[in-house]
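One structure below.
The values are calculated or read from the model by the stated rules, or taken from the named source; none is laboratory data. Because the structure is a prediction, the values reported are computed rather than measured. A quick note on method: Cβ atoms are made from the backbone with ideal geometry, for glycine too, and the neighbour counts reach across all protein chains shown. Heavy atoms of the whole protein, side chains included, go into the accessibility calculation; ligands, DNA and RNA do not. Shrake-Rupley method; radii C 1.70, N 1.55, O 1.52, S 1.80 Å.
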Amino acid sequence: MTQSEHQAIIAQSDKFLLPLYKRAKLALVGGEGAWLHAADGRRLLDATAGIAVNALGYGDAEVVAAIQQAATGLLHSSNLYYTASVAELAQRLIDLTPWASKVFFCNSGTEAIEASLKFARRYTHNQRPEQQTGFVAFNDAFHGRSMGALSVTSREAYRTPFNPLVPGVRFINLECDQATLEATIDASVAAVIVEPIQGEGGIRPISPEFAQALRRRCDQVDALLIFDEIQCGMGRTGDVWAHQALGINPDIMALAKPLGGGLPIGAVLVNERAAKALNYGDHGTTFGGNPFICAVANVVLQKVTSPTMLEHVRSVGAELGAGLRDLGERFDVISDVRGRGLMWGVEFKGPTAAQITEAAFDQGLLLVGSGNDVVRVIPPLIIGHNDVEQLITRLGDAISQVVS
Ligand SMILES: *Cc1c(COP(=O)(O)O)cnc(C)c1O
């Protein structure tokens with residue numbers, strides 16, 4: 001494609017798409033490994049992975065083959081019937097998650113959160129109908145944009161234009177003290193929802209001690225604990241699930257982003273206790289868990305959670321973390337570097353995340369902000385050692401460009 005065709009795609013999009021996103025002036029046509037190909041011939045190193053979706057990068061041969069094979073079979077059947085790939089994916093997820101006993105499939109992260117909140121309400125409805133309906137969520141949390149998911153998402157700019165939202169939601173700070181937990185997580189609360197590592201909120205991990213305190217408090221009032229692992233889960237931290245580092249289990253876990261290898265799918269895993277509260281007709285979806293996407297997700301899940309892949313994530317993740325910390329030593333404008341595996345946040349004081357992201361774009365490196373001051377580094381999990389070096393070099397050049 002030519003430069004003018006590249007411009008034409010952008011012009012047509014800007015004319016006909018609702019202006020809900022501030023898109024980079026970049027039209028994409030394909031990719032290979034951790035690199036994206038633009039319509040004008042540019043090659044860009046991708047440290048966004050389609051917002052933590054493209055764990056296997058671009059052009060994975062086994063994923064492409066799985067798609068081609070699944071495309072010749074049944075694409076959709078509805079949840080009125082059984083299909084093998086759906087059953088297999090459910091078992092695979094449960095086999096990877098010792099505390100979980102059942103799975104619900106849907107189409108996105110937001111839908112997985114929506115289902116998680118409803119499942120918690122359904123559970124407490126059996127204990128104390130209409131009384132134990134509230135939710136406790138965290139400042140800087142992000143759980144999605146539907147009315148329910150938005151109700152447990154803290155950012156005012158996302159919420160205010162759409163009020164009134166679901167009532168009875170309390171927001172508290174991560175790592176707050178025991179007194180705050182006791183005052184907010186009381187007998188009116190159906191569930192506490194938390195990301196083991198906040199994604200949109202600045203790559204903020206919760207400590208094992210805090211997770212354990214949450215677990216204890218939820219048990220005291222018979223509220224459920226929901227983990228949102230939509231962004232941090234499925235290999236990104238170097239463990240299968242981010243919460244494996246916390247020493248406790250949730251009752252419900254929401255998944256989505258990387259599961260379909262780029263195709264839309266969400267999943268909710270529930271333990272025995274929560275599963276028992278759910279009956280025919282309590283929730284549903286037309287597309288959720290369709291045999292086509294589940295066939296592909298089986299291949300993606302197997303590859304992403306294989307011991308070899310997890311070992312790779314830990315190894316390149318350590319290099320990435322070390323490289324980012326070196327940048328932190330080199331540049332005064334970096335105030336913090338935090339993360340694990342291939343999920344890192346670089347916090348800036350002075351330059352905004354948007355300024356750094358734009359400068360990185362000029363260096364052929366794609367990054368995404370997380371809040372106003374934090375740049376997220378969430379490359380495909382298959383990123384190689386040389387590409388990690390490239391990433392650090394280009395980010396260093398971008399920061400130099402901004403501070404000079
Ligand atoms: C992206 C995300 C969601 C929402 O997922 P969608 O697929 O965009 O609906 C929810 N929670 C977390 C932690 C996310 O990163």
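Brief remarks follow.
- A Gaussian network model of the chain, with springs between Cα atoms under 10 Å, assigns the largest mean-square fluctuation among Phe105, Phe135, Phe331 to Phe331.
- Once the chain from Ala318 to Glu32 is taken as fully extended at 0.36 nm per residue, the excess over their C-alpha distance is 100.6 nm.
- Under a 5 Å amide H cut-off, with hydrogens placed 1.01 Å from N, Ala267 pairs with Cys106, Leu255, Ala256 among residues at least 5 apart or on other chains.
- Table column - 3J(HN,Hα) (Hz), segment 165-182, Karplus curve with 6.51, -1.76, 1.60, x for Gly and Pro: 9, 4, x, x, 9, 10, 10, 10, 7, 4, 6, 5, 7, 4, 4, 5, 4, 5
- Cross-link reach list, lysines versus Lys22, counting only Cα pairs under 21 Å and skipping chain neighbours closer than eight places: Lys257
- In the chain, the DSSP beta bridges split such that about 65 percent are antiparallel, to the nearest 5.
- Here the calculated FRET efficiency for Glu272 and Ala11, from their Cβ-Cβ distance with R0 = 56 Å, stands at 0.55, rounded to the nearest 0.05.
- Antiparallel content of DSSP bridges confined to segment 73-304, in %, to 5: 40 percent
- Overall, segment 73-304 carries a charge dipole of about 380 debye about its Cα centre when +1 sits on the Cβ of Lys and Arg and -1 on the Cβ of Asp and Glu, all other atoms neutral.
- Computed accessible area, Ser404, all protein chains, 1.4 angstrom probe, square angstrom: 120 Å²
- Förster-model FRET efficiency, 22 Å R0, Asp40 and Val64, C-beta, rounded to 0.05: 0.35
- Extent of the chain along its three principal axes (Cα atoms, max minus min coordinate, largest first): 61, 54, 45 Å.
- Rolling a 1.4 Å probe over the protein heavy atoms of the chain, with every protein chain left in place, gives an accessible area that is 54 percent carbon and sulfur.
- Taken per residue, the accessible surface of the chain reaches 44 Å², heavy atoms only and a 1.4 Å probe.
- In a fully extended conformation the segment linking Leu96 and Asn386 would gain 101.3 nm over its present Cα-Cα distance, using 0.36 nm per residue.
- The simple spin-label model puts a point 7 Å past each Cα toward its Cβ; for Met1 and Glu130 those points are separated by 5.7 nm.
- Computed log10 I(q)/I(0) for segment 174-263 at 0.14 Å⁻¹: -0.49, from the Debye equation with unit scatterers placed on every C-alpha and solvent omitted.
- Each residue of segment 82-89 was assigned a 3J(HN,Hα) from its phi angle through the Karplus curve 6.51 cos²θ - 1.76 cosθ + 1.60 (θ = phi - 60°); the sequence is 9, 9, 5, 5, 5, 4, 5, 5 Hz, with glycine and proline shown as x.
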